[in-house]
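What follows is calculated from the coordinates using simple rules that are stated; it is not laboratory data. Bear in mind that the values here come from a model prediction, so they are computed numbers and not experimental data. Reconstructed Cβ throughout: ideal geometry from the backbone, glycine too, with neighbour counts over all protein chains shown.
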Amino acid sequence: MLSSLLNSSKPLAVVTCGPASAPIDSVRRITNFATGEIGTLLSLALQEAGWDVVCLRGEGSTFLVPDGIDVRAFSTNDSLSALFQGLPAAPNAIFHAAALCDFQVASIEGGAGMKKIPTRDGALTLHLEPAPKILPRLREWFPVAFIVGWKYELDGDRAAALEKGAAQIRECRTNACVVNGAAYGEGFGILLPNGSLREIEDKSRLAAALVAQPPAAT
């Protein structure tokens, strides 16, 4: 389907969802908990609204794969970056809901260099470093795309979560930020650059509200 998008008159939306991982050895990894549910619901809602959709989905996703959608799997932050740069057409809209790794393994004390580190060697010490982020680079890659980021916050209160969402919009030059998590409270908030906030009750309504956000592509 991807090749057909080059000749399609429909606008193209890219949805990222699910977790990324950072390898420890060939069989173990650090990852985030994310099911890919929001990405599935959003992909299907966009398709129903007349968009061509590419869903870039973490390999660890457990929610149902969106039927009839072009789904491409990624594992690490870097592999997702490669999928973005391999798109055959510039997307009109990007919804970056994936739970990417904030940290990756920089070095290992004990068992380093082994494909599968044996437990008989005893304790390991992992030294982590910040992992490369995707969202801050999307505006560089796709200057005219409508870009929505996510801010999932557990610590602090709603005001602090919304401020972090506003900072993300400023720093990453996105068009909106979805804020949620324990700090935000129940439901979701769609935060815009002008500070306005739309409160959404659940995931299905969030998908419908996000589909209505990008301007019509010409």
For the stretch 70-218, please report how many Lys pairs fall under 20 Å Cα to Cα, leaving out neighbours fewer than 8 apart on the same chain.
4
If you line up the long axis of helix 158-172 against the longest principal axis of the chain, both from Cα atoms, how many degrees apart are they, to the nearest 10?
80 degrees
State, as an integer percentage, the relative contact order of the stretch 85-187 based on alpha-carbon contacts under 8 Å between residues 6 or more apart.
27 percent
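When the helices in the chain are scored as -39500 (n - 2.57) per DSSP H run of 4 or longer and the sum is shared across all residues, what 222 nm value do you end up with, to the nearest 500 deg cm²/dmol?
On the way: 6 runs with 56 residues, N = 218.
Helix-only estimate at 222 nm: -7500 deg cm²/dmol.
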Cβ-based net charge around GLN47, under 12 Å, with every Lys or Arg adding one and every Asp or Glu removing one:
-3
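Nothing charged except the Cβ atoms of Lys and Arg (+1) and of Asp and Glu (-1): what's the magnitude of the dipole of the chain about its Cα centre? Round to the nearest 20 debye.
Numbers: 19 positive and 22 negative charges, 77 e Å.
Around 380 debye, computed over the chain.
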Whole number please: convex hull volume per residue of the Cα set in the chain, in Å³?
134 Å³
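Would you work out the relative contact order for the chain, in percent, from Cα pairs under 8 angstrom that are 6 or more residues apart? Walk me through the numbers on the way to the answer.
Numbers: 460 pairs, mean separation 40.1, N = 218.
Answer for the chain is 18 percent.
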Nearby aspartates and glutamates by direct alpha-carbon distance to LYS10 (threshold 14 angstrom, same-chain neighbours under 8 apart not counted):
GLU48, ASP52
Beta bridges per DSSP with both ends in the chain, % antiparallel, nearest 5
40 percent
